[in-house]
Amino acid sequence: NSEGEEAENNIDVIKTSFEVESATVKNKSKTKKRKEKKNESNNDDDDDHNNNNNITNTVNEEEEALIPKEKKDPNYFSDNNSGPTKLQLFLIPAIHFVVGISNNIPGVANRRYLIEDLQTSPSTQAMIGVLTGVTWNFKLFWAFLSDTFPILGRRRKPYLIFGVFLQTISWMMLGSIQPNIANSTSLMFSATMGQVLVGVMCDTLVVENMQHETGEKTGDLQSNCWIMLNIGTLIGMLIGGWTLEYASLTNREMFQINSLAKLILLFLCFLLNDTKRKVVESLAELRQSAKERILEVWHSMQEERIWKPVIFIFVLGLCPSNHDAFVNFLLGDPSTRTEWPGDVKPLKFTDSQFAYLMCIGTLGSALGAFLYKNHLRKISWHALFAVTITISCAFSASQLILIYGINRQWGIPDIWFALGDETINDVMGFIISMPILVLMSKICPLGAESSVYALLTSLQMVGGSVGGTFSAYATSGFKVNLDNFSGLANLTIMTSFLKLTALPFIPLLPKNADVARSGAKKSIWGSIVLSTALFCGLGWSIGASIHKLSHVNSPS
């Protein structure tokens, strides 16, 4: 029995051992499964964590994209990180107000100076206008320079002060030296260059200080600056006309007064707060950046949706005008001759009357902008351009009524007819300009907006420069000068109807703003045509102007 019990005990031991071993195996298996599940859970958690990180990174990248470049720059530091102060928000519109006044105080005097002091013909005045107008093609250069090369850590204020200083010196010298075509043209060129530089810096200051605007206040600064600039423009025009007429000042004394007005602007500039920046780019990086910018522009010019509309804009600018000849007709003195060829006598508008015409031109442009924004925006561009160009042609020809004195037979004084005619022509002109501005902003490719927009505006201005040169040759060809306005009627008829030459090019335009970005066709000929127009047009107009002015005798 004991042996049986022992055997039975052995069996129980073996059984127990087996059960223990089995339980151990089961426990190990369960432990393994639990570990596997835990690992899978951890992997899932890691994936979720990674996904969350990716989402967070994406959100951060999107948020970072909204942060101005200057704020992300480790070398950036500002005197005013919390946004523009109340003083800054007062100074920027105030500067625009003074700029509007000071830029327009010499408006009437400048025209009188060309006629009376320099004794230049209308065609020569047009050439002087072409040369001084070339300065507006430097806008991109000044913008790039101020972005890239800070002066004493400041990117805007030093360039703004330099532009004001350049204008101040130029106008003071223009009012001090003996009248001479070469010297006067050079000083007008430098004064306009200063005006361009001030304009670029003012625009940049507005954009930079608008970054902190949110909600209902978005756009307040820009609106305030636009309003103050236009109010200043109207005041400056009236001051210029009234001072010349009622204070009996000379044209050159008006230039000196304008120079002193620039000193007020200089004082306001010194009060401005400007961000600081260290020089961060090497020469190699600058070269690479410039190369990339040029390639961007070159490839963009190949796009059909860009080069086709630009050809229309360029052709529209090529059309000559009778502007300089007609202004001389308005301001000329009929008492300087006993008999006038063709019995076409100048009208001798006073300085105040001419200032009123300039003011009406500004108000007419504002009315044109209002009409386009509220009533004409949704009209097809093809129909809008066709109708406005045709109407503009007709009303340009209406100047013949003033030239032949028909309005006086109707009992309408010259000044009132001129004011009405100027209003209609400026309204039509701005209605044409508004969709062009919209078009140029819409067709710019994403990522290269600034450089391509600068190219488009440059081509538009070059077209105007070439058109100004054509105007000078046409005025000279019809023998219109300070002593003979008999050819002014024929010049007016020709320049009015030449506006219609732009009509066949209207199909090059998109039908409206919504389709301006559509289309992906490219042609290298687009780049070639636009480059040729830009460089040849600019070179020819400058060369023709210098050649013309070099053969004009200055007054003794």
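Quick notes on this structure:
- Compared with the direct C-alpha span, the chain from Ile401 to Trp540 gains 46.5 nm at full extension, assuming 0.36 nm per residue.
- Extension gain, Val438 to Trp242, is 66.9 nm, computed as 0.36 nm per intervening residue step minus the present C-alpha separation.
- Heavy-atom accessible area, probed at 1.4 angstrom with all protein chains present, ranks Met494, Met440 as Met494, Met440, highest first.
- For peptides 349-362, 452-465, sequence by mean Cβ density within 10 Å, most packed first: 452-465, 349-362
- Of the residues Trp226, Trp540, the one with the largest accessible area comes first in the ranking Trp226, Trp540, computed with a 1.4 Å probe on protein heavy atoms.
- Surface share of carbon and sulfur [accessible, 1.4 angstrom probe, percent] for the stretch 362-456: 68 percent
- Sorting His96, His375 by solvent-accessible area of protein heavy atoms yields His375, His96, largest first, with a 1.4 Å probe.
- For the stretch 361-504, accessible area per residue (1.4 Å probe, heavy atoms of protein chains only), Å²: 43 Å²
- Among the protein heavy atoms, those of His547 account for about 110 Å² of accessible surface (1.4 Å probe, every chain in place).
- Rounded to the nearest 10 Å², the accessible area of Lys522 at probe 1.4 Å: 120 Å²
- Estimated at the nearest 10 Å², the accessible area of Ser523 is 40 Å² with a 1.4 Å probe.
- Sites Leu508 and Asp203 - FRET efficiency at Förster radius 30 Å, r taken between beta-carbons, to 0.05: 0.55
- Cβ-based charge dipole, the stretch 241-358, positive-most Cα from Phe314, Val297, Tyr356: Val297
- With 24 Å as the limit, the listed pairs Lys262/Lys373; Lys378/Lys442; Lys373/Lys521 have Lys262/Lys373; Lys373/Lys521 beyond it between alpha carbons.
- Note on the stretch 367-503: with charges restricted to the Cβ of Lys and Arg (+1) and Asp and Glu (-1), its dipole about the Cα centre is near 380 debye.
- For the stretch 247-347, the per residue solvent-accessible surface stands at 50 Å², with DNA, RNA and ligands left out and a 1.4 Å probe.
- Accessible-area composition of the stretch 111-167, carbon plus sulfur, in percent [1.4 Å probe]: 70 percent
- Difference of contour (0.36 nm per residue) and Cα-Cα distance, His551 to Leu152: 139.2 nm
- Prolate/oblate/rounded label for the stretch 465-515 (Cα gyration tensor, a/c 1.5): prolate
The values are calculated or read from the model by the stated rules, or taken from the named source; none is laboratory data. Because the structure is a prediction, the values reported are computed rather than measured. We place every Cβ from the backbone using ideal geometry, glycine too, and count neighbours over all the protein chains shown. Each accessible area value is taken on the protein alone, full model and side chains, heavy atoms only, with ligands, DNA and RNA left out. Shrake-Rupley method; radii C 1.70, N 1.55, O 1.52, S 1.80 Å.
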